[in-house]
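Asks: Dropping a structure here in structure tokens format, bear with me for questions.
The values are calculated or read from the model by the stated rules, or taken from the named source; none is laboratory data. None of the values given here were measured: they were computed from a predicted structure. We place every Cβ from the backbone using ideal geometry, glycine too, and count neighbours over all the protein chains shown. Surface areas here come from the heavy atoms of the whole protein model, side chains and all, with no ligands, DNA or RNA. Shrake-Rupley method; radii C 1.70, N 1.55, O 1.52, S 1.80 Å.
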Amino acid sequence: MKIKHIEAIPLVRELQDVFQGGTYKITSRNTIVTRVELDNGVLGETFGGDEDQYQLEVCRVVNEVYRPLLAGCDVRDVEANWERMWHTRVDLNHRGIHTLDLAKHCVLTQAIAAVDNAAWDALGKALKQPVYSLLGSYRDRVRVLAIGGYVMQGKTLDDLAAEIDYYKAHGVLGMKLKVGHLSVEEDIERARFARKVAGPDFHLCTDANQAWTVEQAMQFARGVLDLNLAWLEEPVRWHDQIEGNAKLRGLGIPVTAGQGEISRHGCRELVVRGAVDILNVDVTIAAGVTEWRRIAGMAHCFGVKMAHHEEPQIALHLLAGAPNGLLVEIFPNYNRDPMWFDLPEQQPTIKDGFMYLPQGHGFGIPLRQDTIEKWRYR
Ligand SMILES: [Mg+2]
């Protein structure tokens, strides 16, 4: 079961619409397909991430640094292989000591993630097991949430109502409403409207993408206290993730954060210092399955639940394997995430609020090679 070859392939696809979140807008869907080939003929292959600016650099690190580093290593040695990548110094020729250093670290954790995730797919295929079984299979289905409620040009409250109806028909448990781009008052009105349309049983949470000051986040939270929101996601600005989120938790609505963290070290601060009820750290950003399960174990010690930022093709297995796994999330909207619909040969079944684990080996989600070739960045 030795690693023979590793390859990262960048995919880039422009979107038809512009999707506005609290602090950013989405105009393209990028992802990286990574292959880990073993000497026994097994091919691990998965996709992950939505990196635009540094996508090619992530792929370069995989193909030029980690490919030779792990050649000949046993794919079963997930911890040893992870540490080999983690401790290898990679010079990306970045001179900056501020933003560029932060970007450099994230390039490396994304590159480690790409290799580690595909290696877990290869390991599952080699052992003829789904990855969630290798992780302990706590459950064989995971509750599923739709990411939506974006602010878009010309979008009305009636459009939001139609969107909620569509998600309900899709079989998901609930939805995430994007907030933070408009005024706090307008977002309170949108959340109240969404609850009224969705009804009391629909799982409703909000995601501000770190848009608010603590005071603004408090104002929003007080305005929606009676709506039974499942959580407030990344309510406060990037620099106040610890104290700000901890303060907000006192109002009684669960607080989710962690998608901006790139390792267990950042997650440790959020957990130990009482800043979160739920961690949504992303396996394609924060150094892969091997690191994610360490984080989930640490969080479990502190009674913190695990969600996940996007990437259902891998997150589904992680959340099924962790006792404190909570919810997987998807974009059921083709225009927002065409890769989710076009890359897998088949999507996992969604029914009655759950996504069911595919029983194929590895992640059990074979990819369409024609889609890879069509959107491969050249
Ligand atoms: Mg988020």
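Asks: Using just the helices of the chain, give the 222 nm mean residue ellipticity in deg cm²/dmol: DSSP H runs with n ≥ 4 each add -39,500 (n - 2.57), and the total is spread over all residues, rounded to 500. Intermediate values should be presented prior to the final figure.
Replies: On the way: 14 runs with 144 residues, N = 378.
When only DSSP H runs of four or more count, the value is -11500 deg cm²/dmol.
Asks: For residue 302 and residue 90 in the same chain, what is the full-extension length gain: residue separation times 0.36 nm, less their Cα-Cα distance, in nm?
Replies: On the way: separation 212, 0.36 × 212 = 76.32 nm, distance 3.40 nm.
Difference between extended and current length: 72.9 nm.
Asks: Just to be sure I understand the model, the point goes 7 Å from the Cα along the line to the Cβ. What's the resulting residue 23 to residue 169 distance in nm?
Replies: My value for the distance between the label points is 3.6 nm.
Asks: Now, a different point. Can you tell me the order of 250-261, 322-333, 112-123 when each peptide is scored by its average per-residue count of other Cβ atoms within 10 angstrom, highest first?
Replies: Working: 250-261: 20.0, 322-333: 23.0, 112-123: 28.6.
Answer by packing, highest mean first, reads 112-123, 322-333, 250-261.
Asks: Taking 7 Å along the Cα-to-C-beta vector as the label spot, tell me the residue 1-residue 239 distance in nanometres, rounded to one decimal.
Replies: According to this spin-label approximation, the distance is 4.8 nm.
Asks: Send over a whole-number figure in Å² for the accessible area per residue of the range 3-128, probe 1.4 Å.
Replies: Details: 5650 Å² over 126 residues.
Normalised by residue count, the accessible surface of the range 3-128 is 45 Å².
Asks: Using Cα centres only, tell me the gap between the range 194-239 and the range 294-346 in whole Å.
Replies: Rounded to whole Å, the Cα centres lie 21 Å apart.
Asks: Further, regarding this structure: If r is the Cβ-Cβ distance from residue 189 to residue 273 and R0 is 25 Å, what FRET efficiency results, to the nearest 0.05? Present the calculation step by step, with values, prior to reporting the outcome.
Replies: Values: r = 33 Å, r/R0 = 1.32.
E(calc), rounded to 0.05, equals 0.15.
Asks: Assuming R0 = 45 Å, can you tell me the calculated FRET efficiency for the pair residue 225 and residue 377, based on Cβ-Cβ distance, to the nearest 0.05? Write out the running numbers ahead of the final one.
Replies: On the way: r = 46 Å, r/R0 = 1.03.
The formula returns an efficiency of 0.45 here.
Asks: Now for a different question. As an exercise, identify the trypsin sites (Lys or Arg not before Pro) in the range 264-312 lying in DSSP coil whose Cβ has no more than 14 other Cβ atoms within 10 Å. Write out the running numbers ahead of the final one.
Replies: On the way: sites: 264, 268, 273, 293, 294, 305; in loops: 273.
Sparse-neighbourhood loop trypsin sites (Lys or Arg not before Pro): 273.
Asks: Still on this structure: Would you mind telling me the antiparallel percentage of the DSSP bridges in the chain, rounded to 5? Before the final figure, lay out each step's value.
Replies: Details: 28 of 52 bridges.
Of those bridges, close to 55 percent are antiparallel.
Asks: Past the 31 Å Cα-Cα mark, which pairs from 25/196; 2/305; 25/168; 104/155? The partial results should precede the final answer.
Replies: On the way: 25/196 27 Å; 2/305 35 Å; 25/168 25 Å; 104/155 37 Å.
In this structure, 2/305; 104/155 lie more than 31 Å apart at Cα.
Asks: Below 8 Å between Cα atoms, with a sequence gap of 6+, how large is the relative contact order for the range 336-378 in percent? Mind dumping the intermediate values first?
Replies: Values: 32 pairs, mean separation 16.7, N = 43.
The normalised contact order for the range 336-378 reaches 39 percent.
Asks: Another question, if that's okay. I'd like the projected area of the range 3-128, averaged over all directions, using the convex hull of its alpha carbons. Report it in nm² with one decimal. All intermediate terms of the calculation are to be shown ahead of the outcome.
Replies: Values: hull surface 35.9 nm².
For the Cα atoms of the range 3-128, the hull's average projected area reads 9.0 nm².
Asks: Would you mind classifying the range 101-195 by shape? Square roots of the alpha carbon gyration tensor eigenvalues, ordered a ≥ b ≥ c; an a/c under 1.5 is rounded, otherwise it is prolate if a/b is larger than b/c and oblate if not. Don't skip to the answer; put the middle values down first.
Replies: On the way: a/c = 3.48, a/b = 1.69, b/c = 2.06.
Oblate shape, in that a/c is at least 1.5 and b/c is the bigger or equal ratio.
Asks: Set the Förster distance to 51 Å, then compute FRET efficiency between residue 40 and residue 162 from the Cβ-Cβ distance, nearest 0.05.
Replies: Working: r = 51 Å, r/R0 = 0.99.
Rounded to the nearest 0.05, the efficiency is 0.50.
Asks: Could I ask something else about it? The chain: Rg/Rh from Cα coordinates, Kirkwood Rh? Write down the numbers at each step before the final one.
Replies: Values: Rg = 20.0 Å, Rh = 20.9 Å.
Here Rg/Rh amounts to 0.95.
Asks: Can you tell me the 0 to 90 degree angle between the C-alpha axis of helix 184-198 and the longest principal axis of the chain, rounded to 10?
Replies: The answer is roughly 80 degrees.
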